[in-house]
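Below: one structure, written as C-alpha cells.
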Amino acid sequence: MSALIETRGLGWAYAPLTDGGSPVVALSDVDLAVEPGRFVGVVGPTGAGKSTLCMALAGVIPELADGDMAGEVLVAGRSTHDVSVADLSAHVGYVQQDPESQLFCASVEDELAFPLEQRGVDPRLIDRRIDETLALVGMEGMRSRVPTSLSGGQMQRVAIAAALVAEPDILVLDEPTAALDPDGRREVFAVLDRLRAARRLTVVMAEQHTRYLASSCDRIVVLDGGRVLRDADPAVFVREAPLLARLGVAAPEPDPVLRVSDTADETPADPAIRIEGLTHRYAGAAPGEPAALDDVSLTVPRGAFVGLVGRNGSGKTTLARHLNGLLRPTAGRVVVDGIDTADRPVNALAAHVGYAFQNPDHQIFCASTRDEIAFGARSLGRSEAWVDATTERLMETFGLTRFADVSPATLGYGDRRLVALASVLAMDAPILVLDEPTAGLDQRLAARLLDAVDAANAEGTTVVMISHDMHAVAAHCTHLLRLDAGRVAQWGELRSGSRDASPRPADRRETHGR
Amino acid sequence: MDADLYVPGDGWLHRADPRVKFLLTAVLLVLCLVWRDPTVILAALTLEHVMLATDHVPPERILWVWKVLAVIIALIVVLWPVFDPSGEHVLWSWGWLRLTRENLVMAAVMGLRIPALGFACFLTLFTTSQARLVRGLTAVGVPYRAGLTLAIALRYIPVFFRIVQSVCDAQRARGLDLGGGSLMARGRAYLPVLVAVLIRAYRMSQSVGWAMASRGLGIRLPHGRRRTSRVTLTMRPADWALLAAIVAVAAALVAERIVLG
C-alpha cells in the first residue's frame, strides 16, 4: 500500500524569538511513512518535537510558522512546500492542544459551518452535515451552544468535529487531551474509535497519556530530541518499557483507585488550613444554579501534602483560590496559616501562601529567567542575598541555569512551567497551592518538579495540589480531597499511607485498576 | 466583562435584518455627531433605550454600557468648561476658569453624546450574532476577511478580559501590589500584567490563525464555485417597515436642518 503521508529527511528549526538569539532545532532527519487507515501515536518527552511534527503534517510548517525547513513532507502525494494550509485542509484536519484558541466562532454550529462555507457547500446541505457530524462526536443537541460554555472534553469534541466536517482523510491531533480530566480524555478517545469504525480515517496523534494509545493505535512513533527513536507496534510499551521510562513516557496503565482512612478529621492544634462551612456562589450565576462550593469544611494539618481531585468544574480551582484570597467566601470562613482570609488583600497573603497557576504564561513577564524566579521573593521583601542564593539553587534543581539570562517567555512549554513553579517555590511560603502543576509535562519533568515540591514538603511546607494525575497523587500525597459538584466527596489521609521514594508510581499501586 | 457582546435572544431587533441595523446605527451615529441640540441627543438616547428594552435586552447589559462609559463621560463633563470658556451668561468665574450657562449646556451635550454614540453601536452588537454580523457586513460590501476579522475580534474581547483578570490574579498571588500608590507607581505595577497579557494574546492569535487556515480559510475553489454562507438574509416586511421608518426620520431631520438652518 502506498503511503498517504510521507516525510523525507524532515527538519525544522524555529526562528529565534529574540534578536541575537539562536534558532531552536525542533526536528531533524524525520523519515516516516503512514499508510491510509492507520492510527499512529506519537510519544516522547516534553520538547521532543511532537507538536512540531503535527504542525508539519498540517502544513502550518512551513507556511505559517517562522523557521527553516529541511527535507519535505508529502501529503496525498503533494509536497507541503507547494500547497497552502487551506488547500491542504482538503486532506488534513488539524486539532490543537488549547481548546479556547481554536474555537473562534460564537456557536457550535458556526464552528462546523465555517469549513463548509469556505468550500462553497450548498447552505441546504450545510445544516445536514452539521447534524451528522455532531452526532458522530456525540454532541447532538449542542448546536447553538457557545463553545466557551462547554467543558474541556466537549470543546475538544467540537474541535474534532470541525476538523472532520469537510471529510478530510487524515486527522492530525496535537495532545488534544492535555487540558482534560480523565472523563474528558475517555470521551475523546471513544469518539476517535467511533469515527474510525464509521469510515476510513488516518489518524496521527501526539499524546502524553499513553493508556488509550496502547489500545487504539496500530503504530507508535517515539520521538526524542527531534529525532525518531523508535517506530514500532504498540507492544513497544512493554518491550521497551525501560527506554520509555527513561524518556519520561508514561506506561499505559489504568488509574489507581485512591482510598482514604476516615481518621483525618482529628483537629490539630495549629492547622495550616481551616475551612469552615465554605460556600461560594459566583456573582452573576443563575438563581437556580448550584453553588460552586457548597458547605465545605475541613482542617489540613501542617506538613500535609493534599491531592485535590475531581472532575473539571467540580470546584477544585474555586476552592484553591480561596486559600490566598483571590476569592472570598459567600458564606463560611477560610483560615490559612492562622489568618482569616476575609479581610486580607491577596498580595499580603502572598507571604503565607504561594500559588502556582495552571497556565505559566499568566505569570511570566520578566526579561530573564533569573529575574522571573526572583520576582515573587523580591516583592515580599526578602533579603537580596537570600533571594540570589535561592534563585541559583532552584535554577540548578530544575536544570534552568543555562537559561538564567534568557527571556523565559521564549522557552519551551515544559521549561516555562518549571520557571513558573520555581518562582513560586522561591517565595518560601509555609503553604503552597499548585494548580495542575504537571499538566502537559512528561513523567520525567513531572517527577523532577514533584521531587522539588516533596523536598519543600519534607521541610514542613504544607502543599495543596490540584491534579488529574492519579499516579502522581498516589505517589506524592499524604491526604486526598475529592470534590464532586462543589461538595466534599472524599477527604482523609491516603490509605496507601506514607510515600516512598519509588520512581515508578505505578509499581506501588496497592489498589486495583478500574 | 466576561460574556460575549452578543446577547442571545429573539426580540424584534434580534430578528431584524443586520443590514437595516447597520443603517440604524449609522444614522444614529451621524445624528448624534452632527446635531448639537441637547433635545435631539436626549431623544436619540431615549429611543435607543426604548429599542433595547422592547427587544428584551436585560437591564444589566444596559447598565454595563453605562458603567464602561462612566469614566469618559465624567472626564468630558468636567473638562469641557476648562477648555471652552465661551458663553455670555457667566455663572461663576475664578481666574481663567469660567462657568457659563452656554459651556455647561455644551458639557452636558458632550457628556450625553458619548452614551448616545455608544448605544447606537450596541443596538447592533448586542442583537446580531457573529454569523449574521459577518453575513451582513459582506452583504453591504465589506470584504469577507475584514468582516470575519472584525467579528472574531469581537468574539475574543471577553476572552481577552479573562486573560487580563487571570494575569492580575497571578501577579497579585506573587505579592505584586496593584491596589495603591501614586498613578506612576500603579502604572509601573501594571507593566508586568501588560507584558504577560501581550505574550499570551500573541500566542493565542497565532493559534487562532492556524485554526482558521486549517479549516480552509482561503481554500482554492474549482472554477465557478464560490464561498457560501449558512445564514441567509432576507428582507421581511417588518425589515422594510423599519427601513422606511429610519429613512423617514433621517429625511425629516435633514429637511428640518436645511429649512431652519
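Okay, here's what the table says:
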| item | result |
| --- | --- |
| Residue identified as of a type in the set (Ser, Thr, Tyr) and either more than 28 Å from A:ASP169 (Cα to Cα) or surrounded by fewer than 20 Cβ atoms within 10 Å (Cβ to Cβ) (or both) among A:THR202, A:THR279 | A:THR279 |
| Output for segment A:342-368, where each listed residue is over 22 Å from A:GLU436 (Cβ atoms) and either more than 11 Å from every other protein chain (Cβ to nearest Cβ) or among the hydrophobic types (A, V, I, L, M, F, W, C) (or both) | A:ALA342, A:ASP343, A:ARG344, A:ALA348, A:ALA351, A:CYS366, A:ALA367, A:SER368 |
| Segment A:369-412, residues that are of a type in the set (Lys, Arg) and either modelled with pLDDT of 95 or more or part of a helix (DSSP H, G or I) (or both) | A:ARG370, A:ARG378, A:ARG393, A:ARG402 |
| Of residues in segment B:108-124 being over 14 Å from B:LEU69 (Cβ atoms) and within 17 Å of the chain's Cα centre (by Cα), the one farthest from the other protein chains (Cβ to nearest Cβ) | B:LEU123 |
| Residues of segment B:136-170 classified as within 11 Å of chain A (Cβ to nearest Cβ), out of contact with any Leu (no Cβ under 7 Å at 6 or more places or on another chain) and under 30 Å from A:VAL433 (Cα atoms), total | 10 |
| Options B:LEU183, B:LEU243: the member that is more than 10 Å from chain A (Cβ to nearest Cβ), surrounded by 16 or more Cβ atoms within 10 Å (Cβ to Cβ) and of a type outside the set (Lys, Arg) | B:LEU243 |
| Any hit, segment A:42-58, residues being part of a strand (DSSP E or B) and surrounded by 17 or more Cβ atoms within 10 Å (Cβ to Cβ) | yes |
| Members of segment A:69-127 found to be of a type in the set (Lys, Arg) and either facing chain B (nearest Cβ under 9 Å) or part of a loop (DSSP other than H, G, I, E, B) (or both), listed by number | A:ARG119 |
| Which listed residue is more than 24 Å from the chain's Cα centre (by Cα) and not assigned by the TED database to the domain that holds A:GLY440, from A:ALA26, A:ALA58, A:ALA13, A:ALA65 | A:ALA13 |
| Qualifying residue in segment B:14-37 (condition: polar (S, T, N, Q) and either out of contact with any helix residue (DSSP H, G or I) (no Cβ under 8 Å at 6 or more places or on another chain) or at pLDDT 90 or above (or both)) | yes |
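The values are calculated or read from the model by the stated rules, or taken from the named source; none is laboratory data. From a predicted model like this one, the values you see are computed outputs, not experimental measurements. When we count neighbours, we look across all protein chains shown, and the Cβ atoms used for this are built from the backbone with ideal geometry, even at glycine.
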